[in-house]
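*Asks:* Pasting a structure here, questions to come.
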Amino acid sequence: MIGLRLPSTLLLGACIAFAFAPAKAADAYDPWPGLVQDIFNNKAMQDGTDVLAIEMPTRAEDASVVPVTLRSKLSPADERRIRTITLVIDQNPAPLAAKFTLGADANVTAISTRVRVNNYTDVHAVAELSDGQLYVVKTFVKASGGCSAPAAKNPDEAKARIGQMRYRQFAQAGNGATSGMREAQVMVGHPNNSGLQMDQVTQQNAAMVEETTAASMALSDEAQTLKGLVARFRTSGQADASGQLRAMSARLRA
């Protein structure tokens with residue numbers, strides 16, 4: 001479920017595209033420069049500390065549903081507005097996690113959702129402002145296995161809710177239901193599927209196959225070792241038989 005917070009006196013126009021998927025552990029290789037080229041056509045980016053905040057847990061409790069909040073830091077006096085916010089999970093197999101396009105009068109102040117994170121990774125949020133400039137912020141998240149984690153408890157129910165929206169208003173303390181500027185919340189349902197997730201039965205079968213394969217390889221290695229040890233020794237019966245064969249061969253030659 002995606003939550004958008006905005007003043008209720010304004011209209012919300014959001015076009016949301018998801019590509020959840022979620023990769024190798026963060027190491028010396030930094031995929032971000034390549035992602036800037038692939039996703040943003042190498043367009044120059046500026047520090048977005050004063051434009052956008054990204055909030056995620058440092059260590060995810062559940063890698064398949066990691067909460068993330070993108071919060072606008074533009075002051076009310078700033079004439080610029082946020083046009084799009086792109087969320088990139090660097091080390092996921094499909095790094096582009098979400099892209100939010102905001103309408104001209106949306107005035108969205110925060111967007112919250114949950115994503116899958118496959119491994120330790122940097123997470124970048126890139127805001128495009130009405131001045132055409134890109135502003136980037138990032139955080140680091142420790143998580144593992146989120147992309148192959150089981151799907152929703154009830155996939156059919158999650159699929160049935162896709163795209164459904166809920167709307168709530170929050171009146172300020174001391175104000176009536178229709179007085180003053182109020183905060184509102186819009187929630188959009190989505191299944192959070194990565195295309196790589198496995199159900200419990202599939203996971204158990206995969207684990208059994210791995211264990212069986214490992215056991216077979218271990219037995220094969222032990223068999224080869226035993227064969228080599230046996231080849232070094234010859235029983236007394238084998239020695240007598242070899243002597244008889246040599247004697248018979250000598251008589252035939254004579």
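*Asks:* Only one of these conditions is not met by S144: (1) crowded, with 22+ Cβ neighbours inside 10 Å; (2) within 16 Å of the chain's Cα centre (by Cα). Which number is it?
*Replies:* S144 satisfies every listed condition except (1).
*Asks:* Confirm whether N92 is at pLDDT 90 or above, among the polar types (S, T, N, Q) and over 17 Å from V117 (Cβ atoms).
*Replies:* Numbers: at pLDDT 90 or above: yes; among the polar types (S, T, N, Q): yes; over 17 Å from V117 (Cβ atoms): no.
No.
*Asks:* Within the group A152, A104, which residue is at pLDDT below 90 and in contact with a helix residue (DSSP H, G or I) (Cβ under 7 Å, 6 or more places away or on another chain)?
*Replies:* On the way: A104 fails: in contact with a helix residue (DSSP H, G or I) (Cβ under 7 Å, 6 or more places away or on another chain).
It is A152.
*Asks:* Under 6 Å between Cβ atoms, which residue pairs at least 6 apart in sequence (or on different chains) link something in segment 121-132 that is assigned by TED's automatic domain parsing to the domain that holds A104 and within 10 Å of T84 (Cβ to Cβ) with a partner that is outside any strand (DSSP E or B) and not charged (D, E, K, R)?
*Replies:* A127/G48; A127/V51
*Asks:* Follow-up question, since we're still on this one. Filter segment 199-240 down to the residues that are small (G, A, S) and modelled with pLDDT under 75, then identify the one that is surrounded by the most Cβ atoms within 10 Å (Cβ to Cβ).
*Replies:* Restricting attention to segment 199-240, the residues satisfying the condition of being small (G, A, S) are 206-207, 214-216, 218, 220, 223, 228, 231, 236-237, 239.
Adding the requirement that they be modelled with pLDDT under 75 leaves 206-207, 231, 236-237, 239.
On the way: A206: 12, A207: 10, A231: 8, S236: 7, G237: 8, A239: 10.
If we take residues in segment 199-240 being small (G, A, S) and modelled with pLDDT under 75, then A206 is surrounded by the most Cβ atoms within 10 Å (Cβ to Cβ).
The values are calculated or read from the model by the stated rules, or taken from the named source; none is laboratory data. What you see is a predicted model, and the numbers here were worked out from it, not measured in a lab. Glycine also receives a Cβ, built like all others from the backbone with ideal geometry; neighbour counts cover every protein chain displayed.
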